[in-house]
Amino acid sequence: MKLNRLSIAAFRNLQQVEFNPGERFNILHGNNAQGKTNLLESIYLLGTMKSFRHARNRDLITWQAPHGIIRGWVERDGVTREIALLLEREGKKARIDQKLVTRLTDFFGSLNVVVFAPEELAMLKGSPEARRRYLDRAVFSGSPTYILLYHDYYRLLKNRNALLKTGDMTGLDIWSEQLADAGARLARERIAYLADIEPLLQDYYRTIAGTGETVGIGYRPHGIEREALIADGRNAILAGLERSAHEERRHGTTAVGPHRDDLEFLLDGRLLKLHASQGQQRSFILALKMAEIEYLQRTFGAPPILLLDDMTSELDGERNRNLLGFLQQKEMQVFITTTSLRNIMFDGMDHHTTFHVEQGKVITQR
């Protein structure tokens, strides 16, 4: 899978960009706040219709512009398709080969993309919300129908919370049953993904760390036993909602469900965020991204496009070499942002192209 051309109009500070990336390593360098991450974000949007920076639609459009447009020409198995995304304040409209996409599932899968940003490191010690965002993004990348489950659950959650806030519990049982059903399906998809990814994570961590340490990744439901959720998710969530009824009425919000669940990152059976060194944490996240890439390649038969947002400055020399060796083996197309070319290990990097980004302009250097 390769992105052969990218055309951008009125997206953040990228008012008019025509970008022809190379087929392997694309190095985007320049000072901060010039548009490097915006370029990566535009590619991510073409693959997922979402921003990895959690931005609202109106924040994506250049100030005072009526709308923004992102177009990409993606080659896969010798066939090139044009993907276009119209960004409006009310939402997004997608076209593939100039035909309007009316179903989300018809759009996803045309461009598979993985992002590796400093925020990934921060999520280890950050809030459960950050870890849920990571997990949902990862599951969705391999299963385009997951987004339908996700939207269904959060629609029901919004309606149930609205009822709780009124204090009128009439009909709450109906909303609870629907929410429990949708929540069980959502949690089941999350848990299945983690089961698939964990062996890959363990293998890559051993390769990177070169030690006998073992790592793991687990799902931690909020207010429900994990075994009960796996055995009978719907009834487990319903029982959790019943137990938390008093708390919900007091606070006016749903207390149990996938929107409150968390991830556990483990090192030798202990929580990584409490017992791991900074080097161990970086090795874990690097192994996690490698596992995600491997999973997508096995799922779709081709490696995804990788977006590295200033990660070379976050990883030390040894981990940079591990990452570069992995990417060379995968023969992936990679986009790397950096504030200085001195941060890039060019030795052994085949077919790299360098671009300078300044004030929303992209200049090809070689």
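Each value in this text was obtained by applying a stated rule to the coordinates, not by laboratory testing. The model shown is predicted, which means the values in this text are computed figures rather than measured ones. Cβ placement follows ideal geometry from the backbone for every residue including glycine, while neighbour counts extend to all protein chains displayed.
Checking every one of the chymotrypsin sites (Phe, Trp or Tyr not before Pro) in the range 11-110 against DSSP loop status and a limit of 11 other Cβ atoms within 10 Å picks out Trp63. For the range 310-318, 3J(HN,Hα) computed residue by residue from phi via the Karplus equation (6.51, -1.76, 1.60; θ = phi - 60°) reads 6, 7, 5, 7, 8, 9, 6, x, 5 Hz, glycine and proline entered as x. In straight-distance terms, cross-link reach from Lys36 covers every one of the lysines whose alpha-carbon lies under 20 Å from its own, apart from those fewer than eight places away in the same chain; here that gives Lys2, Lys50, Lys361. If one computes the Cα centroid of the range 247-280 and of the range 102-166, what distance in Å separates the two points? That distance is 17 Å.
By the gyration tensor of its Cα atoms, with a ≥ b ≥ c the square roots of the eigenvalues, what is the shape of the range 268-354: rounded for a/c under 1.5, prolate for a/b over b/c, or oblate? Oblate shape, in that a/c is at least 1.5 and b/c is the bigger or equal ratio.
Applying 1/(1 + (r/R0)^6) with r as the Cβ-Cβ distance of Asn159 and Ile230 and R0 = 25 angstrom yields a FRET efficiency of 0.40. Is the C-alpha gyration tensor of the range 31-108 telling us rounded, prolate or oblate? Criteria: a/c under 1.5 is rounded; beyond that, a/b larger than b/c is prolate, otherwise oblate. Verdict is oblate for the range 31-108.
Once you have a ≥ b ≥ c as the square roots of the Cα gyration tensor eigenvalues for the range 124-300, tell me rounded if a/c is under 1.5, and otherwise prolate or oblate according to whether a/b is larger than b/c.
prolate
Whole-Hz Karplus values for the range 88-102 come out as 10, 5, 8, x, 10, 10, 10, 9, 10, 6, 6, 10, 5, 8, 9 Hz, taken residue by residue from phi with 6.51 cos²θ - 1.76 cosθ + 1.60 and θ = phi - 60°; glycine and proline positions read x.
Backbone amide hydrogens, once placed in the peptide plane, bring Gln15 within less than 5 Å of Ala10, excluding anything fewer than 5 places away on its chain. Taking the charge dipole of the chain about its Cα centre, with +1 at Lys and Arg Cβ atoms and -1 at Asp and Glu Cβ atoms, the residue from Gly167, Ala276, Gly218 reaching farthest to the positive side is Gly167.
Shown here is the pair-distance distribution of the chain: with all Cα-Cα distances grouped in 20 Å bins from zero up to the longest one, the shares run 27, 55, 17, 0 percent. Each peptide in 117-130, 178-191 receives the mean, over its residues, of other Cβ atoms within 10 Å, and ordering these scores from highest gives 178-191, 117-130. Helix 36-48 sits at what angle to the longest principal axis of the chain, using alpha carbons and giving 0 to 90 degrees rounded to 10? Computed tilt is about 60 degrees. Which residues does a label at Ser127 reach in the range 19-57, if reach means a backbone N under 20 Å from a point 7 Å past the Cα toward the Cβ? Counting only backbone N, you get 51-57. Normalised by the number of residues in the chain, the average gap of Cα pairs under 8 Å and 6 or more apart makes the relative contact order 26 percent.
Placing +1 on the Cβ of every Lys and Arg and -1 on the Cβ of every Asp and Glu, with no other charges, gives the range 124-300 a dipole of roughly 560 debye about its Cα centre. Of the residues Ser110, Ser51, Ser277, the one that moves most in a GNM of the chain with alpha-carbon contacts below 10 Å is Ser277. Only lysines eight or more places from Lys289 in sequence, or on another chain, were considered; those with a Cα closer than 18 Å are Lys125, Lys273, Lys330. Here each label is just a point 7 Å from Cα along the line to Cβ, and for Asp77 and Glu358 those points are 4.4 nm apart. Cα centroid separation, the range 25-48 to the range 293-331: 16 Å. Taking GluC sites (Glu not before Pro) across the range 1-57, the ones in a DSSP loop with at most 16 further Cβ atoms lying within 10 angstrom of their Cβ are Glu23. Largest GNM mean-square fluctuation among Ala209, Ala55, Ala302, using the chain with Cα springs under 10 Å: Ala55. Please give the net charge around Thr339, taking every other residue with its beta carbon less than 10 angstrom from that of Thr339, where Lys and Arg add +1 and Asp and Glu add -1. In short, +1. For a straight C-alpha distance cut-off of 18 angstrom, the aspartates and glutamates reachable from Lys93 (same-chain residues fewer than eight places away being disregarded) are Glu41, Asp59, Glu82, Asp106. Take every pair of alpha-carbon atoms less than 8 Å apart whose residues are at least six positions apart; their mean separation over the length of the range 124-300 yields a relative contact order of 31 percent.
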